[in-house]
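Throughout, read-outs are computed from the coordinates displayed, never taken from laboratory work. Bear in mind the structure is a predicted one, so any value in this text is a computation, not a measurement. As a convention, Cβ positions derive from the backbone with ideal geometry for all residues, glycine included, and neighbour counts pool all protein chains shown.
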Amino acid sequence: MNIVVFTKSTPDTAAKVEVDGGGKVTWGNAQLVLNPWDEYSVTESVLLKDAHKVNTTAFAIGDEIHNDALKQALAIGMDNAIRIWDAGMSGQDSLGFAKSAAAAVKKLGDVGLVIFGKEFVDVGTDAQVYQLARLLGCTAIGAVSKIVAVDFNAKTIKVERMVEEGKQTLTAPLPAVISVLKDINEPKSPSFIGIRKASKAVIPVWSSADLGLGEAASGAAAKVSTVAYRNLPVRAGQVEIIEGGSERERAEKLVNKLLEEKVI
């Protein structure tokens, strides 16, 4: 039985967003780290591995910069790490991501659980969680704060998830795709042995051809780019200081002014 985590390298949450000369939004020279929310999904996978003796695999979809995230996942305790990428995947949207992810899960085989962090911080979305579940034809559960019980033999999982009214406890069949919140665990730090193992790891790469994807499926339904508008209109406004000998006098002048302007 396999547990799968999808992760990526993202800018540190303290990184400053900049706009280059061409109007494109860039993170500049910000340091890339394991997507912060994935510290919890990777840790939860390792905890489940230790408790249930299952196999764990971390996937990343993207170019070589995501090898760092995969190696950190290995250092924390994941068994395997695989990167998915070729030129045809460049600029893919969340649906393109989900199609590639679904093909990878099917190629790996015998996957009982797919775990995501709450979202990818660089794009601020979790759409891929639910799109992947739909493509795999399995249950999707978001905002999971605790895995109460999981039985890989009986193929069931019981979780607590956060909802507006509080917490909801539910049971679902496996396989399932879930996203987890930071309340679910205390993130594990890479061990010394794990760091040594990860540093020597050679990350295999699966292409769209390896996954049996056509060009349309591996790429984007719509190419995604972020461009900042330049030469925005200058904001103009006027400020009037209301004078008066007392607070009452100033308040009366303010009310009269608002009445004149038909604000009230």
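Counting only DSSP beta bridges with both residues in segment 2-218, what percent are antiparallel, rounded to the nearest 5?
Bridges in segment 2-218 that DSSP calls antiparallel: roughly 45 percent.
With the crude spin-label approximation of a point 7 Å out along Cα→Cβ, what separation in nm comes out for residue 79 versus residue 50?
A separation of 1.7 nm, rounded to one decimal place.
For residue 148 and residue 31, FRET efficiency with R0 = 35 Å and r from the beta-carbon atoms, rounded to 0.05?
0.45
What does the charge count around residue 166 come to, taking other residues whose C-beta lies under 14 Å from its C-beta (Lys +1, Arg +1, Asp -1, Glu -1)?
Every neighbour counted, the sum reads -1.
When the Karplus curve 6.51 cos²θ - 1.76 cosθ + 1.60 is applied with θ = phi - 60°, which whole-Hz ³J(HN,Hα) does each residue of segment 99-111 get, with x for Gly and Pro?
5, 5, 5, 4, 5, 5, 4, 5, 5, 4, x, 6, 8
Residues in segment 70-109, backbone N under 15 Å from the label point at residue 210 (7 Å along the Cα-to-beta-carbon vector): list them, ranges by number please.
The answer is 70-71, 80-89, 100-109.
Considering only segment 100-210, what is the antiparallel percent among its DSSP beta bridges, to the nearest 5?
60 percent
I'd like the orientation of helix 67-76 relative to the chain: the angle between its Cα long axis and the longest Cα principal axis, in ° from 0 to 90, rounded to 10.
70 degrees
I need the peptides 22-34, 64-76 ranked by packing, meaning the mean over residues of other C-beta atoms within 10 angstrom, with the highest value on top.
64-76, 22-34
List 1, 89 from most exposed to least, where exposure is judged by having the fewest other Cβ atoms within 10 Å.
Fewest to most other Cβ atoms nearby, the residues stand as 1, 89.
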